[in-house]
Amino acid sequence: MTKNIIIIGGGIVGATTAFYLAQNKENNVLLFDEGTGRATSAAVGIISPWLSQRRNKDWYFLAKEGAAFYETLLNDLDISNQTELYEKTGTLLYKKTPTLLDKLEKLAYKRLKQAPTIGKISRKSSNDVHRALPFFHPIDEALFITGGARVDGAKLIQAQKKSLANVIEEKVTTIAPTNSGWTLATDTQQFHCDELILACGAWLPELLTPLGYDVDIRPQKGQLIECQLEDRVKHAPVIMPVGEIDLMPLNDGRLLIGATHENDQGYDLTPDWNKLALLKQEATELIPELAETKIMHYRVGTRAYTSDFLPFFGEVDGLKNIWVASGLGSSGLTTGPIIGKTLADWISGIDTPFDSYRKTPNQYITKTND
Ligand SMILES: Cc1cc2nc3c(=O)[nH]c(=O)nc-3n(C[C@H](O)[C@H](O)[C@H](O)COP(=O)(O)OP(=O)(O)OC[C@H]3O[C@@H](n4cnc5c(N)ncnc54)[C@H](O)[C@@H]3O)c2cc1C
């Protein structure tokens, strides 16, 4: 029997869920994506979670499986050879002191046992790195892991949406339960579905608050800049120096520098030129030629985060036939694809390694007492 499924939000979570659900011809899948402020399109795109300082074990499991899942996703989309979209370039990681770098290296070897995607681990002197990346002038030694990757979020969701028959680029303004499913409305049309998936990132409260729910989701403004380097270095690794910024050299000579984490700006998407200049200034200490270049482009997006900075995805008690995912924060391009696939599996009645997450939305979405 045909199942009508509607997904609201076409960032990395919604687009992946839609892509996998649409593989089953018995599912009639419709994706709504308005697009303003979409984090997926603004992101730097670093996929390198293994040496994160975060201690939450469930999050680490999700992130490590998320990084490994990229290979499957790209094969399923038949785009595994598109290096401008995804490439395993490796990651160069820096620490404040040699002792801290030793610790990081130890952690890398420990984690390698459960996460072969980390790849080869080695130390690189500042001279080694400068020889390979002439634009970059590091002072310290680095740890290099070959499994780190970069992804272009905007291109990835474009590839996913291309495979879908029904995508509507409109905002869904209201949702309401019916006896057999859900109705939802845009400014111009009404729709009905059997199953509804809310993958709307930082905008989840807009749809659930009117139904009498408190939603522990806040917007975080993220900005990054793009500069042009004089010399191209193809297949250059992602660079994670000490401090706020990360550096992502692209094969065409562009360099992404980002990103800011601004918790006090709401859903504002206007560029803050002081903050953008600070990103460039910090990068110039490592890449002197940037002093002579202009900012070519900037990106601004809105991340979703929860009060404990952890993501949630699954079901909400009291809301039948609805699935939600949000709060992916700064690592949502890493965890988003596996979250999207997991939602698609649950809706299809398939067990997953992430069943401990299935009820997590109830920790963040609660009925108000009115
Ligand atoms: C500057 C920046 C840098 C980042 N860098 C990295 C990184 O290097 N590595 C990493 O792993 N992660 C990174 N992230 C985080 C990552 O981008 C996000 O966590 C992830 O993309 C969130 O995906 P999502 O699908 O949940 O939400 P989004 O990508 O925000 O998508 C939600 C979509 O839902 C749509 N929507 C919302 N409400 C409605 C509605 N009512 N009707 C219709 N459409 C609606 C929105 O318009 C949007 O298109 C970065 C984020 C930013 C902003």
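Odds and ends about this structure:
- Percent carbon-and-sulfur accessible area, the stretch 1-55, ignoring ligands, DNA and RNA, probe 1.4 Å: 47
- C-alpha long axis of helix 332-347 to longest principal axis of the chain, angle in °: 30
- Put Glu169, Glu71 in order of accessible area, highest first, and with a 1.4 Å probe you get Glu169, Glu71.
- Cα-based convex hull volume of the stretch 233-275 per residue, rounded to whole Å³: 106
- A viscosity of 1.002 mPa s and a temperature of 20 °C, combined with the Kirkwood radius over Cα pairs in Stokes-Einstein, give a translational diffusion coefficient for the stretch 12-145 of 121 µm²/s.
- The modelled label-to-label distance between Asn369 and Ser180, using points 7 Å beyond Cα along the C-beta direction, is 3.9 nm.
- Hydrodynamic radius of the stretch 143-182 per Kirkwood, over alpha carbon pairs, in Å: 14.4
- Extension gain for the segment Thr146 to Gln228, taken as residue separation times 0.36 nm less the Cα-Cα distance, is 27.0 nm to one decimal.
- GNM top mover of Pro337, Pro98, Pro311 - the chain, alpha-carbon springs below 10 Å: Pro98
- Relative compactness, the stretch 156-201, computed as alpha-carbon Rg over 2.2 N^0.38 Å: 1.29
- In the assembled protein chains, Phe61 presents an accessible area of approximately 70 Å² (probe radius 1.4 Å).
- The stretch 310-343-the stretch 139-181 distance, computed between alpha-carbon centres (Å): 12
- The charge dipole of the chain, taken about its Cα centre with unit charges on the Cβ atoms of Lys, Arg (+1), Asp and Glu (-1) only, comes to about 1060 debye.
- Length gained when the stretch Ala277-Ser307 is fully extended (0.36 nm per residue, less Cα-Cα span): 7.9 nm
- With all protein chains in place and ligands, DNA and RNA left out, the 1.4 Å accessible area ranks Trp273, Trp59 as Trp273, Trp59, largest first.
- Angle between the chain longest axis and helix 12-21 axis [Cα atoms, degrees, rounded to 10]: 50
- GNM flexibility winner over the chain from Gly318, Gly66, Gly45 (Cα, springs under 10 Å): Gly318
- Residue-averaged [θ]222 nm for the chain, counting only DSSP H segments that reach four residues, each worth -39500 (n - 2.57): -8500 deg cm²/dmol
- Between helix 98-112 and the chain: long-axis angle, C-alpha atoms, 0 to 90°, nearest 10: 50
- Estimated inter-spin distance, Leu107 and Lys359, nm [label 7 Å along Cα→Cβ]: 3.2
- For the stretch 240-324, the share of accessible area belonging to carbon and sulfur comes to 52 percent (1.4 Å probe, ligands and nucleic acids excluded).
- All Cα-Cα separations within the stretch 195-245 were binned at 5 Å from zero, giving a P(r) of 4, 12, 14, 15, 10, 8, 10, 11, 9, 4, 2, 0, each value a whole percent of the pairs.
- Under conditions of 25 °C and 0.890 mPa s, the stretch 211-312 yields 163 µm² s⁻¹ as its translational diffusion coefficient, taking Rh as the Kirkwood radius over Cα pairs in the Stokes-Einstein equation.
- Thr2 versus Lys96: modelled label distance in nm, points set 7 Å from Cα along the beta carbon direction: 6.1
- Each of Met240, Met248, Met296, Met1 has its accessible area taken with a 1.4 Å probe; listed largest first, they run Met1, Met296, Met240, Met248.
- GNM top mover of Lys25, Lys95, Lys280 - the chain, alpha-carbon springs below 10 Å: Lys25
- Over the chain, equivalent-ellipsoid semi-axes from the Cα gyration tensor in Å: 37, 21, 19
- In the context of the full protein assembly, Tyr94 retains an accessible surface of approximately 20 Å², using a probe radius of 1.4 Å and ignoring ligands and nucleic acids.
The values are calculated or read from the model by the stated rules, or taken from the named source; none is laboratory data. Remember, it's a predicted structure, so these values are computed and weren't measured experimentally. For neighbour counting, all protein chains shown are included, and Cβ atoms are generated from backbone atoms with ideal geometry for every residue, glycine included. Side chains included, ligands, DNA and RNA excluded: accessible areas come from the protein's heavy atoms. Shrake-Rupley method; radii C 1.70, N 1.55, O 1.52, S 1.80 Å.
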